[in-house]
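Below you'll find the structure, written out as structure tokens, and then a few comments.
The values are calculated or read from the model by the stated rules, or taken from the named source; none is laboratory data. Owing to the predicted nature of the structure, the values given are computational and were not obtained by experimental measurement. Virtual Cβ from ideal backbone geometry, glycine too; neighbours counted across all protein chains shown. Just the protein is used for accessible areas: all its heavy atoms, side chains included, with ligands, DNA and RNA removed. Shrake-Rupley method; radii C 1.70, N 1.55, O 1.52, S 1.80 Å.
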Amino acid sequence: MKKRMAALALGLLMVVTAACSGGTGSGGASDGQPSNGGNNAAGGEQVELRMMWWGDQKRADITNEALKLFESKYPNIKVVGEFAPSTGYFDKLNTQLASGTAPDVFFLGGNVVDYANKEVLLDLAPYVGNELNLSDMDKSMVEYGTIKGKLLHISAGANARGIVVNKTMFEKAGMPVPEDGWDWQEFAAVSKDISSKLGGGIYGTYNMSIDGMDIGLKQQGKQLYDMEKGTLGFEEADALKWFQYWEDTSKAGGVVPSELQVSNPPGDTSKSLVVTGKVAMSLIPSNQLAALQGLTQDELIMVQLPRGEKGTGVVFESSQGLSGYAKSKHPKEVATLLSFFINDPDVAKTLGNDRGVPVTAANRTLLEAEANEVEKIVYDYTSRVSSATKTEPFAVSYNPPGFSEYSKLAETTMYEIGFGRKQVDAAVKDFYNGTLKIFNNNQ
């Protein structure tokens, strides 16, 4: 029953209908503040909070603007913002946590389980309905942030992963543009064909064997990490099937060579070969489309991942979110800031879809009404994913414990295969055994 309710919540996540337009949820005030009257923190003693996040300068600017809005409505609470590039963010956060100097509020991603296990996160449950208003937040997102019975994480945005397609490249090749409903055999054939037709160092796709692994496993009825059971959700044979597919597709000529992917990683939008017209397809979270489109004159669109045995394997996911520090001296003010961040309409307009689509229905409706052409593509795509999850529900993904170590191991495995240092079966055996060791060491 619980799984069916979670699936229903996921299916409703992005459906924008007349029923949700203009609403603020049950009991929520129209400005997104707590339903008990809200500004209970505005007249108290002067306090200072620190908040830290990762990202580029654009994200820093709009986040700081959002914090200024907060301070204008809660003049007794000053918020000092800190940000770091994604590559160094968690090293910085871990150092501060170890020394007891962590910010009152900090952003986490799918690695929230690691921090929950370290017991460094503030339980926000006592503040729900008072300082923290979740009445208009999607239930699936509330479930995502509830770990071992404690509310430890408030999603700041939701994403659906999909394939970004350089439509202009397909038109140049005289090939049909991919559509929802294709399968992995078609994907491999299309990748090879567009590489052959355009030639000259142009490739059909990035290697998605790591970024897409959890999706690929779900399409086989498995998953990377089974949160409910507290175990890995796959066997060595499942990983072998996935890695072998990418090796075969690479040998056929449809995948970016490893040396080119190393120097032009798909996660770095400024270096992505999709925007330079060298790669036709890549796996991205939906909130990255705008950044990619802003770097190219080519037309980009999004389609669902190729289907596997159990469907697309795609669900709405928390792109990232906010957690409070368990040792914060101002937990009520932390809860007030988190509530404001997800509910306030002015903040929604300021932040846009930078961290994913809003997690409250009212703010999604607000932003969709003002969406530009690229944002409309994102809303249309996420709506299609929403429809698919009604008939093909999948569990929400969490990163396994020890995810940082796991990520390094997975990337090493991909490149050991890609550079021909190991045969696929040997590389996968080492990968699986290494994953088990990392998982067991981080329980």
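Computed values, structure above
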quantity: Helix-derived mean residue ellipticity, 222 nm - over the chain, DSSP H n ≥ 4, -39500 (n - 2.57), to 500; calculated: -13000 deg cm²/dmol
quantity: Where only alpha carbons of the chain are counted, the Rg and the Dmax (Å); calculated: 21.8, 68
quantity: Two-site FRET efficiency, VAL128 against LYS58, from Cβ-Cβ distance with R₀ of 45 Å, rounded to 0.05; calculated: 0.90
quantity: Fraction in percent of alpha-carbon pairs per bin - 10 Å, the stretch 163-315; calculated: 11, 41, 35, 11, 2
quantity: Alpha-carbon Rg with Dmax, taken over the stretch 391-443, Å; calculated: 13.3, 42
quantity: Under 14 Å, Cβ to Cβ, from ASP180 - net charge with Lys/Arg +1 and Asp/Glu -1; calculated: -2
quantity: GLU236/GLU299 FRET efficiency (R0 60 Å; Cβ-Cβ; nearest 0.05); calculated: 0.90
quantity: GLU186-GLU119 FRET efficiency (beta carbon distance; Förster radius 41 Å; 0.05 resolution); calculated: 0.30
quantity: Fully extended contour minus Cα-Cα distance, from THR101 to THR391, at 0.36 nm per residue; calculated: 99.8 nm
quantity: Burial order of peptide ranges 91-98, 113-120, 127-134 (average beta-carbon count within 10 Å, highest first); calculated: 127-134, 113-120, 91-98
quantity: Estimated distance in nm for a label pair at LYS172 and SER404, the labels positioned 7 Å out from Cα along Cα-to-Cβ; calculated: 4.0
quantity: Residue-span extension gain [ALA84 to VAL374] - 0.36 nm each, minus C-alpha spacing; calculated: 101.7 nm
quantity: Solvent-accessible area, 1.4 Å probe, carbon plus sulfur percent, for the chain; calculated: 51
quantity: Ranked packing of 402-411, 282-291, 176-185, most packed first, by mean Cβ within 10 Å; calculated: 282-291, 402-411, 176-185
